[in-house]
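The values are calculated or read from the model by the stated rules, or taken from the named source; none is laboratory data. Predicted model, so just to flag it, every value in this text is computed and none were measured. As a convention, Cβ positions derive from the backbone with ideal geometry for all residues, glycine included, and neighbour counts pool all protein chains shown. Note: areas computed on protein heavy atoms with side chains; ligands, DNA, RNA excluded. Shrake-Rupley method; radii C 1.70, N 1.55, O 1.52, S 1.80 Å.
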Amino acid sequence: MNVELKYDLENVGCHFDIKGKYVTAEPYGTGHINDTFRVTYNRNGINVLYIFQRINPFVFKDPAGLMENISRVTSHQKIKEAHHPQASRRSLNFVPCHNRTLLHTDRKNGTYWRCYFFIDNARTYDVVTSPEMAYQAAKAFGSFQSALSDLGGPRLNETIPNFHNTPKRMEDFENVLDEDKENRAVLAGEEIKFALKWKQKIGYLLDLQIKGEIPERITHNDCKLSNILIDDDSGEGICVIDLDTVMPGLSLYDFGDMVRTMVSPSGEDENSLSIVKVQIPMFEAMVKGYLESAGDILLPAEKENLVFGGKLISFEIGLRFLTDFLEGDVYFKTSRECHNLDRCRAQFRLVQEIEKVEDKLNACIE
Ligand code: ADP
Ligand code: GN1
Ligand code: MG
């Protein structure tokens, strides 16, 4: 169904403290989880844009805890960026509801909405187009991690428990595979074999954490290229978005997701697998950007495992796509048949491509 028609966005907007008259709304972005719209209001003859987002209730069970995290994180970013001439574009800004809360609760449908000021003159990309873009995006994600390294107060809420616990993801996969309720395992024989073969490597980062070699940090946990707004004029990564999974994690989960989404010229769901490959200049640019902004906070074991982080997260997200394919596409939005299987194949191919050039990639870090 067309998501635009599912919601009365003008009515949703009535709950937020927006000045002006509703004009129009359109689905926006390429996120797999929430429903996002760009909404136009007319205020004294001038069009003003907002982002309305319906939080996916199947995925996020504690919207209040999630918004508490985002408020704390964006407030901290604002303190750090206070003197920047473009401060208002460098972190997300909410439009509150009339009752001053940040979420509009639609009790009838059991859903939650939020509204952001639209950050203009910037966009997200699904595929990296230059080393400069990889550098800028990685630098911005690194600054984000670094800025949050001194966030005070209690531990952030875990908005999705065990989000990057790869052994737990493997357990979920094996349960879904045992059940094979959609009879799809037959379509994914090679991928299932690949997943099971990787099983002995997936606890490595958690083991390093237990040994105290890598620390828990506040991480973004969804550092894909399309979660950073790139400024149209300067090309700078100006605003890290999609903060729903900001919570305690490992820095290598974030760097790993950057590798997953920035080294290959292919999209995440590329079905010509020969296009999936590692472009060393992109990796070099990413390492440079990330270490420039986060290098000072990282420990040696974190720097030494950047390439492993890339492999692990590419594998883990591939495993999640495979699990969802076997389960009947209940989690990630899909727009074609076998979409999740295609996504899985592209991630697993990337793991293999990274393995082929691992030594060269490690040499870039040194
Ligand atoms: P999802 O959780 O579904 O991935 P995102 O929070 O990533 O949703 O938002 C989806 C898209 O909406 C982004 O890729 C981006 O293009 C756009 N977007 C989100 N927030 C803003 C904002 N404040 N200003 C401009 N564009 C935004
Ligand atoms: C989802 O929301 P979005 O599209 O930015 C997913 C990530 C995956 C990503 C794969 C909450 O991110 O974990 O890595 O798809 N988010 C959630 O593209 O599961
Ligand atoms: Mg997103």
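For region 226-310, the direction-averaged projected area of the alpha-carbon convex hull comes to 6.8 nm². Cα axis of helix 251-262 to longest principal axis of the chain: angle in degrees, 0 to 90, nearest 10? Helix 251-262 and the main axis of the chain meet at about 90 degrees. Dipole size of the chain about its Cα centre, with +1 on Lys/Arg Cβ and -1 on Asp/Glu Cβ: approximately 760 debye, rounded to the nearest 20. For the chain, the longest principal axis of the Cα atoms and the long axis of helix 131-147 meet at an angle of about 70 degrees.
Using only Cα coordinates, the Kirkwood hydrodynamic radius of region 212-260 works out to 11.6 Å. The spacing between region 59-91 and region 25-57, judged by their C-alpha centroids, is 18 Å. Note that region 180-190 has calculated 3J(HN,Hα) couplings of 6, 5, 9, 6, 9, 4, 4, 7, 10, x, 5 Hz, one per residue in order, obtained from phi through the Karplus relation 6.51 cos²θ - 1.76 cosθ + 1.60 (θ = phi - 60°); glycine and proline are x.
Projecting the Cα atoms of 79, 15, 105 onto the dipole axis of region 9-119, where Lys and Arg carry +1 and Asp and Glu carry -1 at the beta carbon, places 79 farthest toward the positive end.
Report, by chain and number, residues whose modeled amide H sits under 5 Å from the one on residue 24, excluding near sequence neighbours (fewer than 5 apart, same chain). Here 40 satisfy the definition.
In order along region 58-64, the Karplus-derived 3J(HN,Hα) couplings, from 6.51 cos²θ - 1.76 cosθ + 1.60 at θ = phi - 60°, round to 6, 8, 10, 8, 10, x, 5 Hz, and Gly and Pro are given as x.
Here the chain is treated as an ellipsoid with the same Cα gyration tensor; its semi-axes, largest first and in whole Å, are 32, 25, 20. Each principal axis of region 27-89 carries a Cα extent, and these read 37, 33, 20 Å when sorted largest first. For the chain, the solvent-accessible area with a 1.4 angstrom probe is 45 square angstrom per residue. The reciprocal of the average 1/r between distinct C-alpha atoms defines the Kirkwood hydrodynamic radius, which for region 9-119 equals 14.9 Å.
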